[in-house]
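Below: the structure, in structure tokens.
The values are calculated or read from the model by the stated rules, or taken from the named source; none is laboratory data. Because the structure is predicted, anything quoted here is derived from the model rather than measured. Counting neighbours? That spans all protein chains shown, and the Cβs are built from the backbone with ideal geometry, glycine included.
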């Protein structure tokens, strides 16, 4: 226990690492530095494994290669790696532009794994994986110019933005979401992600503007309505916020959205002194969510303020016996980056990347040295 994981005897990278150690830190190999030809050869083998559907092998081996070449102590080492990877991408991309999609997704997968591993001591290679994913998506979009390419590239950037958002990297996440929405104005996941970043940074006007674009693209987007209402209320635009919340509170949207809409709507009524309206909202909420203590507490507060202290006390007595249901996490879910936001985008990407694996395999077998616009450094 505690010993470094050993590479299998048939590991094509020899001394290069293909796993993380028990601390979760990506291990650093020792020994001579690989030359450009060797890096290119390894990278081609990794792409071949990816094209064969060896997802884990290819991603882990790419991490092993990159961490054996790039070091934080010398950021210029990234240039060697980038030059080698670009050379291979030029060849296969010139043979068939569609190969850029599965290659981008390989770097996306390695970036996801770097984040999970922690990648302590590997900030440069972490940034490299992110930049490769972003730049390949942009390159594919620019070189193709088709509507289909815009949809694919937009969702690559959306998924990447989701990973960044989950890692609390708000500024680069916003950049990805903005790029994604620019490529596909109907990409609601990108707009929702961007609006959330704005909201977390107290840029409520920008959040509202983005959410209005989202609602124009999908008028029935329940979470979009909820976030728009919350941010409108923060900006003092209470009538519109109340209308949106009223619709959500009585809707068939996800429980957490309905619950939070009811909480917010009751709060607005209470702020305005409209205790009867607040009571009606909360009584309906208690009926729908009988195990959510928040509504009992809110309703008790409203009743107490209305002079019905005995009824308020009876409600508080009930709270003690409640077993909290999942809907009590409504506000937590609102403030959490949830995978479900990006599920559709990632499913779309998985299907599109898989459909192009055969094209990548063919391009690797018949390399074309014609030049292409390079991936940006």
| message | I'd like the residue in the range 329-351 that is over 19 Å from the mean Cα position of the chain (by Cα) and modelled with pLDDT of 85 or more and, out of all such residues, is surrounded by the most Cβ atoms within 10 Å (Cβ to Cβ). | response | 330
| said: Taking the condition of being buried (at least 19 other Cβ atoms within 10 Å of the Cβ) and either in a helix (DSSP H, G or I) or in contact with a strand residue (DSSP E or B) (Cβ under 8 Å, 6 or more places away or on another chain) (or both), how many residues in the range 249-274 meet it? | reply: 15
| field | Selection count, the range 133-179, where residues are under 14 Å from the mean Cα position of the chain (by Cα) and under 16 Å from residue 347 (Cα atoms) | value | 10
| query | Of 203, 227, 234, which residue is out of contact with any helix residue (DSSP H, G or I) (no Cβ under 7 Å at 6 or more places or on another chain) and modelled with pLDDT of 95 or more? | reply | 203
| task | Quick one: which residue in 326, 290 is modelled with pLDDT under 85 and surrounded by fewer than 16 Cβ atoms within 10 Å (Cβ to Cβ)? | result | 326
| query | Is there a residue being in contact (Cβ under 8 Å) with a residue 40 or more places away in the chain and either out of contact with any strand residue (DSSP E or B) (no Cβ under 9 Å at 6 or more places or on another chain) or closer than 29 Å to residue 267 by Cβ (or both) anywhere in the range 177-184? | reply | yes
| message | Please go through the range 35-70 and give me each residue that is at positive phi and in contact with a strand residue (DSSP E or B) (Cβ under 9 Å, 6 or more places away or on another chain), ordered by number. | response | none
| said: Being assigned to a helix (DSSP H, G or I) and more than 21 Å from residue 209 (Cα to Cα) is the requirement here; does residue 241 meet it? | reply: no
| message | For the range 183-207, which positions are in a helix (DSSP H, G or I), surrounded by fewer than 21 Cβ atoms within 10 Å (Cβ to Cβ) and over 17 Å from the mean Cα position of the chain (by Cα)? | response | 204, 205, 206
| query | Among the residues of the range 57-78, how many are free of Cβ contacts under 8 Å to residues at least 12 places away in the same chain and assigned to a helix (DSSP H, G or I)? | reply | 1
| What residue, of 142, 98, is surrounded by fewer than 18 Cβ atoms within 10 Å (Cβ to Cβ), in a helix (DSSP H, G or I) and modelled with pLDDT of 95 or more? | 142
| request: Look at residue 147 and say whether it is farther than 26 Å from residue 44 by Cβ, surrounded by fewer than 19 Cβ atoms within 10 Å (Cβ to Cβ) and in contact with a helix residue (DSSP H, G or I) (Cβ under 9 Å, 6 or more places away or on another chain). | output: no
| residue 170 vs. criteria more than 27 Å from residue 83 (Cβ to Cβ), free of Cβ contacts under 8 Å to residues at least 40 places away in the same chain and in the same structural domain as residue 351 (by TED's automatic domain parsing) | yes
| message | When the residues of the range 55-76 are narrowed to those that are within 12 Å of residue 122 (Cα to Cα) and touching a helix residue (DSSP H, G or I) at 6+ places or on another chain (Cβ under 6 Å), which ends up surrounded by the fewest Cβ atoms within 10 Å (Cβ to Cβ)? | response | 75
